[in-house]
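Please read the structure below before turning to the comments.
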């Protein structure tokens, strides 16, 4: 009935997705000494050419500030304030400040030996180890040394580890040293071979949880040290350890990874289990220095020349397929012993795995001919294998005995075409063409495959459809789901059937397969509209827009960590149901040409996803607590191309307004796939999509801003990790409210002050002017009097002798004249009439002296005499001048005319009879008049002398 | 109080070296310590020429000691009195000392210039602190010249300053040591 043969094969499970990077700068390769991952998840490499950051694509050098320093980095560390420390081969230390390295200036001096490791204790003191001087710690700003004098067993320290209780665990060439503060002084306790340590030479210490520490040694492998009990546990395999020196240890993906000096990378998957070599791609490197794990669960290590990442346990491939086999596979099954069965050319092949080798066993069936396709494989609760075929119904195989039979319980099955077989507990569900929609109930008796199965066929039920049933699924609540070809989904619950189709919002009624998540939601995939989540009320669709990479979905499974796993031709989409985000494993990890038959994806006993690819069987093991989407990091913020501390929360002045943001969506698994969206709150309204990793904002207006950037592996940013940087550009001083207020107050004050001042000044000017006028009047008047008196007395003297009667009359007029002067003395202006009165008195006095040789003609109307004003004694002075400057005689009479022209000008005109000798005080009287008029009128006094007439034109003053 | 252990140490160094290699023993011929307190309101500087000490170039061990009350050059006699009575309490703690070992693995038996660090116990005001102190050594013709600058925090040695003189006394005192050690 069955022909079978077994072939023993040797093959390593190979890692998938390993990548390697050479540190090349300026066309020169450099050696990597140390690796470090900071809190954000960024990987740093310390090299012979200094410090580099690594974003998954390229290395970026972290330069020294200022001088062109060069130093070999031997240790990297981040303290709990997120400042990066670097230790050098020279013994010096540096910190990364504003994106640049700055050497520490230590008062105590720098160590002279290479720095090997850092740790920060529970009191926040920073410790660092040297290769040859012991270890140092900073406490209260002082550097302290712990060396042999403190009891340290050796000065060559390889590694430091902080103990749970605050002790420092030190790996030295002479055992483990435990440092603790007792009465403020460091006490050292040594754990060496005497205490059960297999080797005195300790190379690595890493935490293993619960006070346990993995200890790596120089030649005796590794052991587990419990710091509480002091107990040392040596794995059984260590007895004949022949892998040489351990350089580093890492516990990740539930395995202990061991970097060795001469045996490459080793792995121990189970405590006390065997240690196996882990082959990295095609690498032949045997010397592995460091091990770290990125946030996505990938493991990174370095050799002398390369930085290497592996997916570790996450993805592995068994290259088991002989030529031609892959093409013949239509169904796979992972059985309860994790043997993998595949269908091949009307038969089955079973691959059994033990450690590094596998055996292959072939099964063929007499009931099937060469042309029969096997579509589905299922193992029931009794471990019998159900084989669904096209045209030959179902065949049951007992894998223990090799016995098989074709199911004939239902005549329909005789030549039926089966599309899927699924099941849960004691049920097996088969769907197919020609109305096969059967649910079998499995009992204990069915352990023997010859026993009959009881079953129900749902083919005649309306809406279930009677032709194509792609999948029947029995969920954890006992509901039975039917996926139909063109009629949507139908669920049988409590004996009641409910159908959901296009009318319920489904975009596609061709339903291929089902899965159920931990919350009891049902998931199903459609022919062309992606997948749906159904919570019992609503359907939620996930399609390309949500990040599904390919709508031709081969299979839908619930992964061991509760995620929904979609398999397509290119690889795996992992949908994280809590966030709705999707991550991928595809050709970036070396997966290619995945089998697209519906029955070709299976799960092992742990729920890990098993699929067939052209290169072999791929197993995807999700990593616990690993990030599955890019971590968004603002790498630096530059202000006018000068980096500012990104931890700085401060305000910028109005002219510090041009910003450059460099950002990264760290996703080491597929760094090239990262998309970005950013927005500047305070400026932009929406998100801007980009694949660039920097953005510049020039000349920002004063205001409060928040820069947001987020990264995703697809166009769906709903749950993307976001980084922000908040900053304030302050208004220039003159735009701030207090300044404006101050300005207004100041301005008001200024105006007030100015007005006051102006008023005061005007008043003062007025006063001054008044004063001046008064003064000048006084002065002028003072000048008038003696001048006139001088002349009058001269005349009087001549009269007294010649005509005493006239002299009496003359003195009388003179007295009238002086009374007038006294009367008008304090007046600024008097009427023209009054002045003419004075003038007439004066003229009388003069005429007595000169007789008819002196003539005065006054042609002024009575109205003008009243309306025109004049400074007192003005006309008198002018006439006095005329008399004074001209010879008055019978031959040369003097005629003075006084008249008004154009109502504007008062004109005094006399003919000129020049005297032979000039009178003293010449011009003084006229100048006085000119001065007086200057103060009283804007119009000037005009004095004309044409040789015939002397004319003085006074402007008319109308009060 | 502190005299005894230092003398013990001296004799130990002397004795042990005396047996093995007497030519590697040096004692201070002339040595001075200058301290300066650069406070906002006052600069105080004082020097003592009474530095005593011993150095074993083979074992790279040393011990230095000083009578605290030998500092001279204060701004006023009153200041000196305060220094001795109130701050350093030189009646109670007459000596300051630094004893220990050189960290660097260098051959100090040959002539040359060495930048080294000394790790030891610094005792001031009766309080001992473990310290690393940077020094420059010049060894020539069996004369070891030592030069060193370092600081002492008053708080490290329980030296308390009254609030009123806070502005006049720095919390960090700078020290400068110069010594010539000669072959014994």
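Quick note: the coordinates plus some simple rules give every number you see, no bench work behind them. Here the structure is a predicted model, which is why all the values come from computation and not from measurement. No Cβ is skipped: glycine too gets one built from the backbone with ideal geometry, and neighbour counts run over all protein chains shown.
Things worth noting here:
- With each label modelled as a point 7 angstrom along the Cα→C-beta vector, the residue A:763-residue A:624 pair spans 9.4 nm.
- When each of A:372, A:498 is scored by the number of other beta-carbon atoms lying within 10 Å, the sequence from fewest to most is A:498, A:372.
- Note on residue A:40/residue B:127: beta-carbon distance plugged into 1/(1 + (r/R0)^6) with R0 of 45 Å gives a FRET efficiency of 0.60.
- Estimated from helices alone, the mean residue ellipticity of chain A at 222 nm is -5000 deg cm²/dmol (sum of -39500 (n - 2.57) over DSSP H runs with n ≥ 4, per residue).
- Among A:407, A:829, a tally of other beta-carbon atoms within 10 Å of each Cβ gives an order, fewest to most, of A:829, A:407.
- Going by neighbour counts of Cβ atoms within 10 Å, the residues A:52, A:585 line up, fewest first, as A:52, A:585.
- Using alpha-carbon coordinates, inclination of helix A:924-936 to the longest axis of chain A, degrees: 40
- Centroid-to-centroid separation of region B:140-179 and region A:76-113 [C-alpha atoms, Å]: 26
- Region B:3-183, relative contact order in percent, only Cα pairs under 8 angstrom and at least six apart counted: 24
- Label-point separation in nm, residue A:400 to residue B:143, each point 7 Å along Cα→Cβ: 10.0
- Measuring r between the beta carbons of residue A:653 and residue A:737 and using R0 = 25 Å, the FRET efficiency lands at 0.90.
- Label zone at residue B:160 (point 7 Å along Cα-to-Cβ), backbone N below 13 Å, region B:80-122: B:87
- Computed with the Debye formula from one identical point scatterer per Cα of the protein assembly as shown, without solvent, the log10 of I(q)/I(0) at q = 0.06 Å⁻¹ comes to -0.71.
- Compared with the dominant Cα axis of chain A, that is its longest principal axis, helix A:804-824 is turned about 20°.
- Paramagnetic label zone (point 7 Å from Cα along Cα-to-C-beta, residue B:101; backbone N under 18 Å) in region A:111-155: A:111-113, A:130-137, A:144-155
- Normalised contact order of chain A, rounded percent, pairs of Cα under 8 Å and 6 or more residues apart: 6
- Gyration tensor over alpha-carbon atoms, region A:14-244, equivalent ellipsoid semi-axes in Å: 30, 24, 15
- Chain lengthening between residue A:277 and residue A:226 when straightened (0.36 nm per residue, less Cα-Cα): 15.7 nm
- Given their separation in residues at 0.36 nm each and the Cα-Cα distance between them, residue A:452 and residue A:847 gain 124.8 nm when the chain is fully extended.
- Modelled FRET efficiency - R0 51 Å, residue A:185 with residue A:355, Cβ distances, 0.05 increments: 0.50
- Take the Cα of residue A:902, step 7 Å toward its Cβ, do the same at residue A:672, and the gap between the two points is 10.2 nm.
- Average Cα contact separation per residue, region A:440-554, under 8 Å, 6 or more apart, as relative contact order %: 14
- Calculated mean residue ellipticity at 222 nm for chain B: -4000 deg cm²/dmol, from DSSP H runs with n ≥ 4 weighted as -39500 (n - 2.57), summed, divided by the residue count and rounded to 500.
- Degrees, to the nearest 10: A:874-885 long Cα axis against longest axis of chain A: 60
- Multiplying the residue separation of residue A:322 and residue A:797 by 0.36 nm and removing their Cα-Cα distance gives an extension gain of 154.6 nm.
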